[in-house]
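So the structure is just underneath, and the comments pick up after that.
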Amino acid sequence: MQPTSSAPTQPAWSASLGLTLGDRAGRTRIRSLRHHGPLRIQRAFHPEGDGTAHVVVLHPPAGLVGGDRLDVEIDVEEGARALVTTTGAGKTYRSDGRQAETLTSARVSDGAYLELVPQETVVFDGAHAGLCTSVSLAATAELLAWEVICLGRPACGERFDRGRLRCALEVSREGHLLFSERGTVAGGDPALDAPWGFGGLPAFGTLVATAGAVDALRVAVADHAGPAAVTRLDDLRVVRVAGRDGVHVRAALERARHAVRDAWRRPRLDPAIWRS
């Protein structure tokens, strides 16, 4: 009998980014920055009149394979205002069995404001992906954060028939857990098509915010051609939607985001990178 051999294991990339933003003379600026591996930021932009910093995270490989890991840490100091997004959709490719992980953590101090709004993540068929986001708020901190995921590539007929996705989104205030959502999706699971599960819709998203009237948020997603729900959990408003692809889901959450910004009396301004 011939001995079996296995294909060589693809080398893994590990990258990290640590970002601290602080207020200086009414404008939020980058106070410290550290990075390792292929993870960078563009310079901070200030398109809003109140000095809010818009920061775009750049991952030059544009995708992850099994064993890769991205760690992002964000610290928004007292009184600072920041919006953090990404240059484009994140991608997790077919894996050799190892998990590719994206871990994001943020700390928002008193009187500070953070919008954590990355573009959607596409989980390819056969990928093993882990997505974890945790945000810690001080007593008077404000937050808007979302997560948008698409399983497979519906535009080219690819379903999520193999692989696994593990995801978690948590928000706490002063050490008290306000929101925790964890889940595991297995490729080919009957729940992907069942009416009591995903109902054949490959994309889904969750938005959490510390402001926004529930009625206004419901109006914002009323025209979404798919399931949508708005709830209030203690200090948070939670919007959940599902749809035919990541762009469709994100469009609904963008409308909800505008409703939150209305409540904060901030302009309905989107990051320029979203339309480039």
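Before moving on, here are some points about what is shown:
- In the condition set (1) part of a strand (DSSP E or B); (2) open to solvent by 10 Å² or more (accessible area, probe 1.4 Å); (3) β-branched (Val, Ile, Thr), Val171 is compliant with all but (2).
- Within the stretch 111-132, the residues that satisfy the criterion of being assigned to a loop (DSSP other than H, G, I, E, B), within 27 Å of His54 (Cα to Cα) and not acidic (Asp, Glu) are Gly111, Ala112, Val117, Pro118, Gln119.
- Residue tally, condition open to solvent by 20 Å² or more (accessible area, probe 1.4 Å), in a loop (DSSP other than H, G, I, E, B), within 20 Å of Arg244 (Cα to Cα) and not charged (D, E, K, R), over the stretch 197-224: 7
- Residue under evaluation Val84, criteria (1) open to solvent by 30 Å² or more (accessible area, probe 1.4 Å); (2) in a strand (DSSP E or B), criterion not met: (1)
- Considering (1) more than 30 Å from Ser109 (Cβ to Cβ); (2) open to solvent by less than 50 Å² (accessible area, probe 1.4 Å); (3) outside any helix (DSSP H, G or I), the lone condition that Ala191 does not fulfil carries the number (3).
- Total residues in the stretch 138-158, condition under 22 Å from Ala191 (Cα atoms) and assigned to a strand (DSSP E or B): 7
- Verdict on Leu70 being surrounded by 15 or more Cβ atoms within 10 Å (Cβ to Cβ), modelled with pLDDT of 95 or more and closer than 26 Å to Thr210 by Cα: no
- Sole residue being closer than 24 Å to Leu253 by Cβ, free of Cβ contacts under 8 Å to residues at least 40 places away in the same chain and among the basic types (Lys, Arg), chosen from Arg107, Arg81, Arg40: Arg107
- Check on Leu33, part of a strand (DSSP E or B) and either touching a residue at least 40 places away in the same chain (Cβ under 8 Å) or over 22 Å from Ser136 (Cα atoms) (or both): no
- Considering residues of the stretch 36-53 that are among the small types (Gly, Ala, Ser) and not in a strand (DSSP E or B) only, the residue farthest from Ala127 (Cα to Cα): Gly49
- Scan of the stretch 45-62 for residues that are without any contact (Cβ under 8 Å) to a residue 60 or more places away in the chain, open to solvent by less than 30 Å² (accessible area, probe 1.4 Å) and at negative phi, ordered by number: Ala53, Val55
- Residue check: Val135 meets all listed conditions (1) in a strand (DSSP E or B); (2) surrounded by fewer than 21 Cβ atoms within 10 Å (Cβ to Cβ); (3) touching a Lys or Arg at 6+ places or on another chain (Cβ under 9 Å) but one, namely (2).
- Hits in the stretch 1-47 - residues which are among the basic types (Lys, Arg) and modelled with pLDDT under 90: Arg43
- Selection of first residues in the stretch 154-180 that are on the phi > 0 side of the Ramachandran plot and of second residues that are among the hydroxyl-bearing types (Ser, Thr, Tyr) and not in a strand (DSSP E or B), restricted to Cβ pairs under 6 Å at least 6 apart or on distinct chains, gives an empty result.
- Residue match in the stretch 11-23 (condition: loosely packed, with under 15 Cβ neighbours inside 10 Å, closer than 30 Å to Arg159 by Cα and not small (Gly, Ala, Ser)): yes
- Matching residues in the stretch 54-79 - criterion: being in a loop (DSSP other than H, G, I, E, B), within 22 Å of Gly22 (Cβ to Cβ) and not acidic (Asp, Glu): Gly79
- Look at (1) surrounded by fewer than 22 Cβ atoms within 10 Å (Cβ to Cβ); (2) within 21 Å of Glu48 (Cα to Cα) and you find that Val108 fails only one, number (1).
The values are calculated or read from the model by the stated rules, or taken from the named source; none is laboratory data. The shown structure was predicted, so the numbers you read here are calculated from the model rather than taken from an experiment. We place every Cβ from the backbone using ideal geometry, glycine too, and count neighbours over all the protein chains shown. Accessible surface is based on the protein model in full, side chains and every heavy atom, while ligands, DNA and RNA are left aside. Shrake-Rupley method; radii C 1.70, N 1.55, O 1.52, S 1.80 Å.
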